[in-house]
1. Could you check how many residues of the stretch 150-194 are more than 10 Å from the ligand (Cβ to nearest atom) and either within 18 Å of the chain's Cα centre (by Cα) or not β-branched (Val, Ile, Thr) (or both)?
2. Would you mind listing the strands (runs of 3 or more DSSP E) fully within the stretch 203-261 where at least 1 residues are away from the ligand (no atom under 15 Å from the Cβ), in the same structural domain as ALA285 (by TED's automatic domain parsing) and of a type in the set (Gly, Ala, Ser)?
3. Conditions: (1) aliphatic (A, V, I, L, M); (2) closer than 21 Å to VAL124 by Cα; (3) more than 16 Å from the ligand (Cβ to nearest atom). LEU321 meets all but one. Number of the miss?
4. Being polar (S, T, N, Q) and over 25 Å from the mean Cα position of the chain (by Cα) is the filter here; which residues of the stretch 132-149 pass it?
5. Select from the stretch 10-50 the residues that are touching a Lys or Arg at 6+ places or on another chain (Cβ under 7 Å), closer than 21 Å to SER311 by Cα and outside any helix (DSSP H, G or I) and list them in ascending order.
6. Within the stretch 82-109, take every residue that is hydrophobic (A, V, I, L, M, F, W, C) and in a helix (DSSP H, G or I) and give me the one that is nearest to the ligand (Cβ to nearest atom).
7. Please specify each residue of the stretch 276-301 satisfying the condition of being in a loop (DSSP other than H, G, I, E, B) and touching a Gly at 6+ places or on another chain (Cβ under 6 Å).
8. With ARG180, ARG169 as the choices, which residue is modelled with pLDDT of 95 or more, among the basic types (Lys, Arg) and touching a Ser or Thr at 6+ places or on another chain (Cβ under 9 Å)?
Amino acid sequence: MTQSLRVVIATPLSDENVALLRRLEPRLDVRHEPELMAPATADWMVRLDRDPALQSRYEEYLDGGEAFFGVPDQSGTALRAAIERNPELRWVHTIPAGGGAQVKAAKLDDAALERVAFTTSAGVHAQPLAEFALFGVLAGTKQLGRLRVAQIRHEWAGRQPMGLNAETRVAVVGLGAIGRRTAELLSGLGMTVIGVHRREVDAPGVSRIEPVENLGAVLGEVDAVVLALPGTEQTAGMLSRSALEAAKPGITVVNVGRGTTVDEPALIELLQSGHVGSAVLDVTATEPLPASSPLWDLPNVVIAPHTAAISEHEPRLITELFAENARRLLDGEPQLNVVNTHEFY
Ligand SMILES: NC(=O)c1ccc[n+]([C@@H]2O[C@H](COP(=O)([O-])OP(=O)(O)OC[C@H]3O[C@@H](n4cnc5c(N)ncnc54)[C@H](OP(=O)(O)O)[C@@H]3O)[C@@H](O)[C@H]2O)c1
């Protein structure tokens, strides 16, 4: 058991949530100098206009922490510099659920990775992204793209069938917090959910789990696929051209994980040919999605600009998660959402 922990709020957070953190874990010595950062917003803005004097004040402020709430300036370079300067730092909580990427970007040596624990906000976004995934699957089965096109043309199109939930089969790829919650919501509406994962896990609502190697075969039997994977070297291009070509014609592709997990040129081609019926994407391979991308103009595609996880509750939920992890650290218990520093997720 440790008596106290000096926490530096390294990224914008409202006074209200700082007060909540102090209330939830009174053993924390929470340092908060909001003028060193951008105004607190829901999207964790970075302050880019510090003059040298303000920058050195920010660095001095960071040097006083044993733990950081957020990666300084959401930047791997700033994180690395802060770790090198501050030998007392022992824990950094990254704001994104996929915060492993920020840790990877810091290019830390083994000694630093050993000394400092890294955690992410995985789980906080599970409910909003599962809801968006549900929307995406329904947009496909209820044919949102076709309806929109006909409506814009003032066209009373003929009788065309829609999918029925009880007859709909969905593959959920990646059974972490988001994938598991998605499976629960989909199965709650009567859909059959097949999990695709690299190991057996307990996932309520999933009828069976298939190994990742069987992705192509699974796609041949489902009406929709939801990707809820982190962006790592191992997951890059997992929804490959061959997997997409093996998919059931008309399949709906929903991605709420990372855009790099999809062979995007192949997806575009197969959307254009109609083999893939529709796509609902919160994430794309390059973000922001370039204005020249054909994805913007395809009537059977819905793009959300990496915003489906955002809700007004997000900063409070991350604050509560941080408080729980601080309690665990102080009580000598294992923390939640520890970054895997081999695969960086
Ligand atoms: N759209 C957004 O705004 C948004 C918001 C939050 C998160 N995300 C993305 O979504 C990802 C998942 O979030 P989460 O909260 O569900 O995270 P999580 O609970 O950490 O789940 C990640 C899952 O991915 C699995 N995985 C990792 N590498 C894999 C591989 N090579 N093959 C198969 N499965 C693999 C993990 O497997 P194990 O169970 O074996 O560890 C784990 O179950 C995040 O990493 C982030 O990149 C996007």
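The values are calculated or read from the model by the stated rules, or taken from the named source; none is laboratory data. Remember, predicted model here, so these are calculated numbers, not experimental data. Positions of Cβ are generated from backbone atoms using ideal geometry, with glycine treated the same way; all protein chains shown enter the neighbour counts.
1. Counting residues in the stretch 150-194 that are more than 10 Å from the ligand (Cβ to nearest atom) and either within 18 Å of the chain's Cα centre (by Cα) or not β-branched (Val, Ile, Thr) (or both) gives 29.
2. It comes to 206-211, 224-227.
3. Result: LEU321 fails condition (3) only.
4. GLN143
5. Correct list: ALA38 only.
6. Of everything passing the filter in the stretch 82-109, ALA101 is nearest to the ligand (Cβ to nearest atom).
7. Correct list: VAL283, THR284, ALA285, PRO299, ASN300.
8. Of the residues listed, the single one that is modelled with pLDDT of 95 or more, among the basic types (Lys, Arg) and touching a Ser or Thr at 6+ places or on another chain (Cβ under 9 Å) is ARG169.
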